[in-house]
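Everything on this sheet refers to the single structure shown next.
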Amino acid sequence: MSKEIAVDNKESSEVSEVKITLPAVAEEMLFSEEDSGAGFEGTSVESFAIPFIQILQKGTPMVDEDNPHYVEGAKAGHLFNSVTRQIYNGKEGIDIIPCAFQRTFIRWGGRDSANPGFKGVLQVEEIDRLKHDPAQIKEVEGRLYVPNADGTVDTKKNDYYADTRSHFVLIIDPESGDFSRALFPLTSSQVKASKTLLTLLHEKIIKRTDGKRINPPTFANLVHVNTKPLTDNKGNSWSGVEFTPTRILGIEDRDLYEAAKQFNRDVVSDAVPVDYAKADYNNGGADDTEGGESFSKPKEAKTF
């Protein structure tokens, strides 16, 4: 049997009942409690791949039926889990808990260059320093490029630095209620949505039972994620992301809260290795799906 938890949505003008179905716990199993976790003795944090949540675009290989990377049922605007290969309907969306945040600049080879893959990761402070040297970084139409020796830039071939906002989250499966860790990296046109989420969470103030008002940790928030169509003044269109905080976790969500809190600690302590090759952005085919081949994890992480 499954257990249903009724939750009031107090953020809405109308109180609606949301039922989260949690997996039932079997009373009789073949293995004992002492066997829990056995088989992973030789592993370390580097042994596990954190999933990426990717916004599928019109040119993404997973939506092209003639591409070997095609995933059945995938459409532009859907959300894709890079490890489980699960597809989430972008219009309906999914619920997440934001646990930690990183901002880094990822260096990628140009899309039409001989080596379009990953070239390194720089912290914000390093980029700020390099910006003062025109031989190191040249800005063209808002993007930071590595110029040629003569100072010229070919926007299709020169390496560039992608301003990457990485949101470490717990995903709550809309059908089972199970939750798992994931990384939601946002760049280019998606940066605005990242900033909006940060602002909404930072400005949220709640009143405790003792009357004190506090800004809750980000991992105390349940946030709904969905995609929406976006266009620019040149007529280009793509799928964007939208974040909507729905409620603060309650006593009935203690397992979720503790798991989210631990994820935050792991990210902040640099115990979560990240491989951006798994995001496969370079094959995305859209301006806001940047990426490349291999990745070394960023060194600094912080809460929102």
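When you count the other C-beta atoms within 10 angstrom of each residue and take the mean per peptide, 89-96, 197-204, 52-59, 249-256 line up highest first as 52-59, 89-96, 197-204, 249-256. Under a 5 Å amide H cut-off, with hydrogens placed 1.01 Å from N, residue 121 pairs with 107 among residues at least 5 apart or on other chains.
Between residue 262 and residue 242, the simple label model (points 7 Å from Cα in the Cβ direction) yields a spacing of 3.5 nm. Here r is the Cβ-Cβ distance between residue 215 and residue 152 and R0 is 51 Å; the resulting FRET efficiency, rounded to 0.05, is 0.60.
Could you work out the mean projected area of the convex hull around the alpha carbons of the range 108-177, in square nanometres to one decimal? Before the final figure, lay out each step's value.
Working: hull surface 27.8 nm².
So the mean shadow area of the Cα hull is 7.0 nm².
Modelled spin labels at residue 207 and residue 192, positioned 7 Å past Cα toward Cβ, are 3.5 nm from each other. Once the gyration tensor of the Cα atoms in the range 52-198 is diagonalised, the equivalent ellipsoid follows with semi-axes of 32, 20, 11 Å, ordered largest first.
Here the gap between residue 175 and residue 115, fully extended at 0.36 nm per residue and compared with their Cα-Cα distance, gives a gain of 17.5 nm. In this structure, residue 123 and residue 35 have a Cβ-Cβ separation that, at R0 = 41 Å, corresponds to a calculated FRET efficiency of about 0.45. Quick one: grab the alpha carbon gyration tensor of the range 96-148, order the square roots of its eigenvalues as a ≥ b ≥ c, and give me rounded if a/c is under 1.5, else prolate or oblate depending on whether a/b is larger than b/c. In terms of gyration-tensor shape, oblate. The slack between residue 131 and residue 92, meaning 0.36 nm per residue of separation minus the straight C-alpha distance, is 9.9 nm.
Take the Cβ atoms of residue 64 and residue 228, set R0 to 35 Å, and the FRET efficiency comes out at 0.95.
Taken together, the values in this text are just the output of simple stated rules run on the coordinates, not laboratory data. Just so you know, these numbers come straight off a predicted model, no measurement behind them. Here the Cβ is made from the backbone with ideal geometry for all residues, glycine too, and neighbour counts use every protein chain on show.
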